[in-house]
Amino acid sequence: MVSLRSLLFFVIVPVIVISGCESLKSSRAILPIKEYELMIAGRFDANYVGTANCLAACHFHDKIRRDFDASTMGVQLSKKSGMPLVDCESCHGPGSLAIEGLTQEKVELDAREGKQTACDFRTLIDIRNLPAQARSLICLKCHTANATFNLHNWNASSHSLGDVSCSECHKVHAGPDLTVRLKDMVGMCENCHRDVQAEFALPSHHPIHEKRIFCVSCHDPHGTTSMRMLRKESIKETCTQCHAEKEGPFVFEHADTMEDCGTCHKPHGSVNNNLLTQQPPFLCLQCHSGHRTSGTSSAESKGAFYTRCTDCHSQIHGSDIPSPVGRRRFTQ
Ligand code: HEC
Ligand code: HEC
Ligand code: HEC
Ligand code: HEC
Ligand code: HEC
Ligand code: HEC
Ligand code: HEC
Ligand code: HEC
Ligand code: HEC
């Protein structure tokens, strides 16, 4: 006889597990790139009409046009530049249907009636409602990894995988600046990364809000080959870009703890001084036992339990000079 329990175990559970996998697979299907390409092609019954025709008589878009003409991409609008042409339809799709029937006379008539003439923008690509990957593809069709070197790792980046698209950070029509200006960057990143924002508000923190360093000093938002999209290979290399004096190698190393600054430090902020993960002596006592004086001159301190470890072991990151008591105590 098959017991209910083994039936459950050998038949029902595997069925649930397998069907669970099935639904995982189908709910997180990655569309073939072709389907995204179709989404950004625009209507097949529309034709390209050129920016001049798009914007003829449309004062509604004057500011957008001015900003765009002044931007790096807009500068390419001049054919003389020899660069690929970027115009409104490069991103919004062919516009002939949108401007059908939009004559100078109609615009003037509307104006007399106090109306704003709108083009039939629903015939254009519905950028806002595209899935993030398709939205990024609008940009990637020109900004290929070869054309824009820092996008080499985009597809595997946490942002791409986390459904963050280019235009979430690059506000194409917010002004003539297409790239993200340093002064706006921290606010932009922290808008989504609230937990990180909280870390930078802790008593000991890297001077991000003081605008002395920036998120992009350590991270590349377009992805890298390192963990956490760090610009450098490791945490240590990230830190020693600016704190070169901690890099070593030292004659007297603090064993291999220095291979990862993260053993003792937080990268963003901490409640403890010096961005430490824990306050000394507890930091040190994770790995060492504390000790008492073994016979110093002061009778008072004799036998006292030391707590301020770095008062004496001041060269905690390693040193090239042996300590007065011999060996390598990181003291000087
Ligand atoms: C590099 C790609 C790109 C180009 C070139 C471009 N746009 Fe856009 N446009 C976008 C994106 C992306 C959005 C969606 C805006 C957003 O989500 O912030 C948008 C939105 C808009 C909107 C809607 C704005 C709103 O607030 O709802 C208008 C109008 C517009 N674009 C007009 C233009 C005109 C006119 C041109 C040519 C001068 C142009 N665009 C060129 C990418 C582009
Ligand atoms: C039709 C081609 C084309 C499309 C589509 C396109 N770009 Fe560009 N983009 C260019 C060219 C050409 C330049 C100027 C040359 C360069 O800097 O590489 C440029 C420059 C830029 C720059 C650099 C600006 C600077 O000042 O350094 C940014 C940022 C940018 N584009 C973002 C985007 C984003 C975001 C999208 C999608 C919404 C997009 N582009 C879509 C062609 C394009
Ligand atoms: C999470 C935010 C974010 C996303 C998503 C993002 N970018 Fe950027 N991008 C930035 C920031 C910040 C900078 C400025 C970097 C710097 O100053 O080092 C930048 C710079 C750039 C530049 C200028 C590069 C240069 O060398 O000056 C281009 C071009 C660009 N991004 C294109 C894109 C494209 C295309 C996408 C989508 C595939 C994209 N970005 C996605 C934040 C982002
Ligand atoms: C539109 C929202 C948004 C913006 C703006 C944004 N991020 Fe992100 N970021 C995300 C999402 C979503 C993820 C993926 C989350 C995850 O995997 O846990 C992510 C992941 C990351 C990660 C990697 C975390 C990991 O575990 O690998 C880093 C680092 C990061 N972002 C830095 C930045 C920086 C720097 C900026 C500003 C230039 C920025 N982000 C702007 C939404 C955003
Ligand atoms: C001094 C270098 C440095 C700066 C500046 C910095 N980070 Fe980080 N960040 C790191 C390191 C190192 C890690 C990896 C920590 C780990 O995993 O041990 C990290 C991890 C992260 C993570 C993933 C883990 C987490 O803590 O949630 C996110 C998201 C992130 N950073 C976002 C940001 C944002 C946003 C900014 C700017 C406001 C920023 N970082 C500024 C070095 C830095
Ligand atoms: C882009 C340069 C830069 C990078 C990269 C960098 N730092 Fe810093 N760090 C600074 C600056 C600037 C200060 C502030 C110094 C001051 O106030 O005099 C600082 C301060 C510190 C402090 C002292 C904090 C305090 O409360 O006084 C520690 C500890 C520290 N950094 C550790 C690290 C670690 C660990 C990393 C790697 C995750 C790192 N730093 C990466 C620039 C950097
Ligand atoms: C074994 C723990 C430990 C490791 C690992 C460690 N630190 Fe420290 N660090 C400390 C302590 C403790 C202090 C506070 C020193 C003091 O109180 O005099 C400190 C202070 C600092 C300071 C600020 C004071 C100063 O000396 O400039 C910086 C910057 C710093 N560390 C950078 C780094 C970097 C970069 C790494 C990785 C290469 C690293 N630390 C690895 C324990 C450590
Ligand atoms: C992650 C574990 C770890 C932490 C945290 C740590 N250490 Fe160490 N430390 C070591 C190791 C491992 C050695 C090498 C031991 C050996 O060679 O016998 C060492 C060596 C030392 C030595 C030299 C011993 C000798 O033989 O000369 C001193 C002094 C020391 N640590 C002090 C400290 C102090 C002070 C702190 C706190 C600021 C600290 N350590 C934090 C792991 C750690
Ligand atoms: C008043 C100065 C002073 C303070 C404070 C101090 N130490 Fe020491 N430490 C020394 C001296 C001196 C030696 C060498 C003693 C010896 O060789 O007998 C030493 C040796 C060590 C050693 C090597 C022991 C061995 O047997 O190889 C370690 C590990 C150590 N200390 C860790 C710590 C830790 C952890 C703290 C904080 C809880 C601390 N020290 C606080 C002065 C101090």
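Quick notes
- Net charge of neighbours whose Cβ lies under 10 Å from the Cβ of residue 176, counting Lys and Arg as +1 and Asp and Glu as -1: -2
- Distance between region 195-264 and region 81-140 - C-alpha centres, whole angstrom: 44
- Of the peptides 88-98, 268-278, the order by per-residue mean of other Cβ atoms within 10 Å, starting with the highest, comes out as 88-98, 268-278.
- Loop-located trypsin sites (Lys or Arg not before Pro) in region 185-292, at most 11 other Cβ atoms within 10 Å (DSSP): 211, 212
Since every read-out is calculated from the coordinates, none of them should be taken as a lab result. Please read these numbers as outputs of a predicted model, since none were measured by experiment. Methodologically, a virtual Cβ is constructed for each residue, glycine included, from the backbone with ideal geometry; neighbour enumeration extends over all protein chains shown.
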